[in-house]
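All remarks here apply to the structure that follows.
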Amino acid sequence: MDFPYATEVFFSAALGIVVTMSLALLRSILGPSTYDRILALNSFGTKTVLLIAIAGFLDGRPEWLDLAIVYALINFIGTLAVLRFSKYGSLAAATQPSDDEEEVPERPSLEQP
Amino acid sequence: MTELPLEAVLFVFLLVVGIVVGRLRNLFGAAMLTGIFSFLSAGLFTLLTAVDVAFTEAAVGAGISTVLFLATLALTDDTERESERSWLAIGVVSLTGLALFFGTFDMPAFGDPDAPIHHGVGRHYLMHSWDEIGLPNVVTSVLASYRGYDTFGELAVVFTAGIGVLLLLRSKAAVMGAKAKPIPVRSRAPYVREMPIVRAVAKVMLPFILLFALYVQAHGDFGPGGGFQAGVVFAAAFILYGLVWGPRAVQGIAPERMLEGGMAFGVLLYGGVGVAALFAGGTFLDYSAFTPEHPSHGQHWGIFLVELGVGITVSAVMVVIYFVFTARPRPRLPKRKKGALAPPRLTAVPELPVETPKEGSS
Amino acid sequence: MSGLKAHFPVLLVVVPLLTAPLLALIRQKQVARALALLSALATAVIGWGLVIAAREQVEPLSYHLGGWPPPIGIEYVVSQASAFVVAIVSSIAALGLLLGTRETRKEVTEGQQHLYYAAYLLCLAGLLGMAITGDAFNVFVFLEISSLSTYSLVAMGNRRRAFSAAFNYLILGTIGGTFVLIGIGLLYQVTGTLNVQDIAHRVQELEDVAPDSHNLTLLVAFVFMIVGLGLKLAVFPLHQWLPGAYAEAPAAVSAFLAGTATKVIYFQLLRTTVVFFGAAHVFGALRFGTHVLMPLSIAGMFIGSIAAIYQPTLKRMLAYSSVGQVGYLTLALSFGTEAGVQAGLLHLGAHAVTKAGLFCVVAAIVAGVGSNRIQRLNGLGKRMPIVAFAFVLGGVGLIGVPGTSGFVSKWALLQAAFASEHYLVAGLVLLSSLVAVVYVWRIVEVMYFQAPPVDEKTTHDNLAMVPALILLGASVLFGLFPDQVVELAADAAHQLFLEPGSLPPLPTGGHG
Amino acid sequence: MSLALAIVGTVFLAGGVFFCVVGGIGLLRLPDFYSRCHAAGMTDSAGAMGILVGLCFFAEPLVIVKLLTVVGFIWLSSVVSTHALVKAAYARGIKLENPRVRDWTVRPAKTAAAEAAGDVPKAAKVPSLDLAAMADSDADAGSTSGGEQGLAQSHGAESESESESESESESESESESESESESESESESESDDSEESRT
């Protein structure tokens, strides 16, 4: 690498990501709702992708990006599961006959203006 | 060594998350924080250059574990009942921690080049694996060949877990061979219809996930990855499909019987390679015996097949676990106290009203 | 044939391990049962074949998996001791399967039976692999296989309580397994190798470097491994999981587990103390035997036996008696002498056979009376004379009456106690045997001295009695003609106690 | 290749880190869940892009492809996960903290003061909204600096526009809204069934 300060640059970028991680971590601990925690988790996931990418460059092994790709590809599955879980209280969802009778929560009347 | 401060910070984070998870009563939230725990460990493993381990952590932590946690919570309850703090448990945990702390006293310093681990078998692996096996990724050489029998055992562990889940959790109806009713396309409609964005993106991502799984499977010889990680990613694709189109839709593609067979087939493939080595004149799992004139060729073939077996079993077991969890009818739980965030099924859930502002104002 | 014989060490494990997925593929319960039985019998034959092979050799047999020489690859070691354990375990497993056929039909749902047999075989493979391997990490891997399958097998019991028993076992067993893993990890940290013999060499080097001061990492590794194994073995304060697990599991599984699981773990404990860390160090400098293991063993002996008196069901009684018997096992080890280990191995065999036989008898009783509550056994001596007699035979073996295997092993235990001048301990062993008399007598009284109920039908399960009679017959045979086995145990103990330095160091190629 | 490329890369990295940190601060400081989503979304898109593209300037061709792949997938997946998350949160009745930002069904306020009075009682009829907490947060928002209020408000506007674009993109939105207006008090399963039978 021609650039003499590459390591320093990567390191400070990693440091910045770790700072962001700490902020997200704080949010995940504070809550208050579970959804804030999930939000923090998602954010944390992206930061991990970035950290891994940078770590690969720091160690001169950029092929570690495969890991980052894994996260980028399948990280949102968990959130989809959360969506399913929140809406139906089950991952099996409403199409299953056994769930239809009583599991699906009632919808309240939303006041229309 | 430049990453040392980063590692230290991540370790502190890990500790904090651990404590918070322990204290949290809401298991839904705790499950989410466990996700952060897994991200942190994956980051740490990467910084410690244990990339294959990090890869596993990434594949499991990102895709599967949250889904399984939620599936479990859906079957039970998402808030821990009030219980007395068990001083015994705290005592045991503290004692264990203390013991581990003392255990580090006579440990060789971190990164010490004279440490025994750098002079024992590890050194042999690093120095000779290229000549003996000829794969760039030493981790794969160790896991699939030098200690291939351990990996066989681990595969058996995964298989055992699959068997255990099937034995314990499969609902009676499924056991008795009651064919799952094929879902009429019509009734699948609300499932699909309600999340158009999610559906669209899932459609885009699915082929890439599957493709990437195959890449990880094949590329494990050269870089981080291998059968286990590939299996998990592959299963993640199925689970994604199930989350968006419903588990029944997945059963249309991968019927439970086929998965059960896949579970067994992977182990048989791995063991079969070992037994084939016996017949070729070597010992169990001695791949070199396949091509005595050129041992590393046999090694390559053996490792390829063995990793394939791992991938098949792991992905089948993961999907089976997902099926079994989602297919179980939810047990009736006693009513809960008011207060904490109510469980989803008892809450009034306002369906997302999709309306244009115009209509809203009228 | 001789070519196949060379592969016996690995076939012993691989046969059941590969039959299990085959069963899952076949899905046909009749075929699955036959195949499982066949595989278990083949395994038992291989096990006894290994005993013979080990008797012919002075040095332990070594089998290199993957074709890699030991410290680099994984090694299977057939020593006298491991062959002995393996033969007992595989035979009891085969007999347990024989017993299980009728029971299983009742307790396991129709479409699941092939999976049940698969889990059974996996458990067997795990136990055998653990006993025969010469690699520390491999021990953990196979420990996991056997534990995971055991949890699901225990949960197959037909009462709902089986689930909570299995869950208890799962939690404690997982903690135990994790502790063992931590111990192995720390050992690897300080030795840089995973091969048992290699570890023993390096640990001795470390101990020789600083004989006075303990290497803390090594010490902590030792503590973790001992606590972990202690949990799995149900040594006295860590025994909470055992009664529930044994009592609630299906009858065949109880018989199988009682005869095998703790025995294999006990063998690991032997290896950990005697081989890994060196008997001289563990029992000499650390005083682990006299200061830790002995008091716990004695407490376990008494508390287990006394608790057995108060149990309402036969299975729970036998389970608590197992806690007491584990006390004898660890007590034998705690002397830290060759004679002690010999007694331990003898008691391992004796108790495995007796307890498995007793659980088989209980299965027959449950089949006949419909319950194993002790109150319901009145007059069993008249209703089911053979069954009742078999139970008494087993009970007498538990007490250690001359003519049974229990006597031989307890005699060896007393000899070992006298040899290391623990006279008080010897007295306590005798005293605790008296407690055993009480709980056995309680059953005898109900069975023979109470009138049978007037209008109760009993069904006879002759099939269940076959393995019971084989096992108890073996116990009596061993009690009457103990010479061969005693000699075997003596040789095995001697081989275990060989200084690791006296064995040739392994060619590592990477050291230095 | 050169210094120039490296400097450009560094600038990108710096930008990415800047967005990340700012987004992180927003994630921590913004008053309610939905506005925090906005902040988190920024770190996922702008921050991640900045850093990954920045790394491209230091990398070989194959690695560049991988990096861009990661960017693409993050853009796809993090967006959809935020979407799913907001939907899930809304389904569970997570509330907007700022009463001046009204629910999706309501036109946003032109002036905060004019709306504040009328909004609260309406919200009270939605069962899962927690009135007391809302009042608290209202007081908080009022007491804090104007900047934060501004942020919250601008977020309100954004959520508004988001809903607009979403409703445009969703082809089925009409039928959904129909059923909504037809049978407000129906249980969900019933309405689902009725829709099924119609299709």
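Does the range C:158-229 come out rounded, prolate or oblate, given a ≥ b ≥ c as the square roots of the eigenvalues of its C-alpha gyration tensor, rounded meaning a/c under 1.5 and, failing that, prolate meaning a/b above b/c? It comes out prolate by the Cα gyration axes. Among the residues of C:186-198, the average count of other protein chain beta-carbon atoms within 10 Å of the residue beta-carbon is 4. The angle between the Cα long axis of helix C:385-399 and the longest principal axis of the Cα atoms of chain C comes to about 30 degrees, rounded to the nearest 10. Evaluate the distance, in nm, between pseudo-label points positioned 7 Å from the Cα of C:GLU110 and of C:LYS382 along their respective Cα→Cβ axes. Between C:GLU110 and C:LYS382, the label points sit 4.1 nm apart. FRET efficiency for the pair B:ILE117 and B:LEU4, taken as 1/(1 + (r/R0)^6) with r the Cβ-Cβ distance and R0 = 22 Å, rounds to 0.70. Once the Cα atoms are used to define both axes, helix C:29-56 deviates from the longest principal axis of chain C by about 50 degrees. Along the Cα-to-C-beta direction of A:TYR5, a point sits 7 Å from the Cα; which residues of the range D:19-58 have their amide N less than 20 Å from that point? Output list for this probe position: D:19-21, D:50-58. The accessible-area ordering, largest first, of the residues B:TRP130, A:TRP64 stands as B:TRP130, A:TRP64, per a 1.4 angstrom probe.
Label zone (C:VAL58, point 7 Å along Cα-to-C-beta; backbone nitrogen cut-off 19 Å) within the range C:66-84: C:78-81. For the peptide C:133-143, the mean number of other protein chain Cβ atoms found within 10 angstrom of a residue's Cβ is 3.
Considering all different alpha carbon pairs of the range B:132-330, the Kirkwood hydrodynamic radius works out to 18.2 Å. The simple spin-label model puts a point 7 Å past each Cα toward its Cβ; for D:PHE18 and C:ASN462 those points are separated by 9.2 nm. In terms of overall dimensions, the range C:1-44 has a Cα radius of gyration and Dmax of 11.5, 34 angstrom. Evaluated over the Cα positions of the range A:9-83, the convex hull gives a direction-averaged projected area, one quarter of its surface, of 4.9 nm².
Applying 1/(1 + (r/R0)^6) with R0 = 30 Å to the Cβ-Cβ distance of C:GLN240 and C:LEU477 gives a FRET efficiency near 0.25. Once you have a ≥ b ≥ c as the square roots of the Cα gyration tensor eigenvalues for the range B:1-80, tell me rounded if a/c is under 1.5, and otherwise prolate or oblate according to whether a/b is larger than b/c. In terms of gyration-tensor shape, oblate. Using the Karplus relation 6.51 cos²θ - 1.76 cosθ + 1.60 with θ = phi - 60°, the per-residue 3J(HN,Hα) values for the range C:110-126 come to 3, x, 10, 5, 5, 5, 4, 5, 4, 4, 4, 5, 4, 4, 4, 4, x Hz, with x marking Gly and Pro. Listed peptides C:413-422, C:179-188, B:105-114 appear in the order C:179-188, C:413-422, B:105-114 once ranked by packing, highest mean of other Cβ atoms within 10 Å at the front.
Prolate is the label for the range C:287-500. Its Cα gyration tensor axes, ordered a ≥ b ≥ c, give a/c of at least 1.5 and a/b above b/c. Between C:LEU4 and B:HIS128, the FRET efficiency estimated from the beta carbon spacing at R0 = 35 angstrom works out to 0.65.
Close amide H partners of C:GLY67, meaning residues 5 or more places away or on another chain with modelled amide H under 5 Å apart, are B:THR283. Projecting the Cα atoms of C:ASN378, C:GLY479, C:GLY427 onto the charge dipole of the range C:287-500 (Cβ charges, centred on the Cα centre) puts C:ASN378 farthest toward the positive pole.
Evaluated on chain C, the Kirkwood hydrodynamic radius is 22.7 Å, with distances taken between all distinct Cα atoms. In this simple spin-label approximation, C:LEU498 and B:ILE253 carry label points 7 Å from Cα along the Cα→Cβ vector, and these lie 5.7 nm apart.
Under the criterion of Cα pairs below 8 Å and six or more residues apart, the relative contact order for the range B:1-80 equals 35 percent.
One decimal place: the segment C:TRP441-C:VAL31 gains 143.3 nm when fully extended, by the rule 0.36 nm per residue minus the C-alpha distance. Applied to the range C:173-184, the Karplus parametrisation 6.51 cos²θ - 1.76 cosθ + 1.60 on θ = phi - 60° returns per-residue 3J(HN,Hα) values of x, 5, 4, x, x, 5, 4, 4, 5, 4, x, 5 Hz, with x for Gly and Pro.
Which entries of C:LYS355/C:LYS410; C:LYS29/C:LYS315; A:LYS87/B:LYS203; C:LYS263/C:LYS315; B:LYS203/D:LYS66 show an alpha-carbon separation above 25 angstrom in the structure shown? Beyond 25 Å: C:LYS29/C:LYS315.
The values are calculated or read from the model by the stated rules, or taken from the named source; none is laboratory data. In this text, all values refer to a predicted model and were calculated from it rather than measured experimentally. No Cβ is skipped: glycine too gets one built from the backbone with ideal geometry, and neighbour counts run over all protein chains shown. Please note that ligands, DNA and RNA were not included when accessible areas were found on the heavy atoms of the full protein model with its side chains. Shrake-Rupley method; radii C 1.70, N 1.55, O 1.52, S 1.80 Å.
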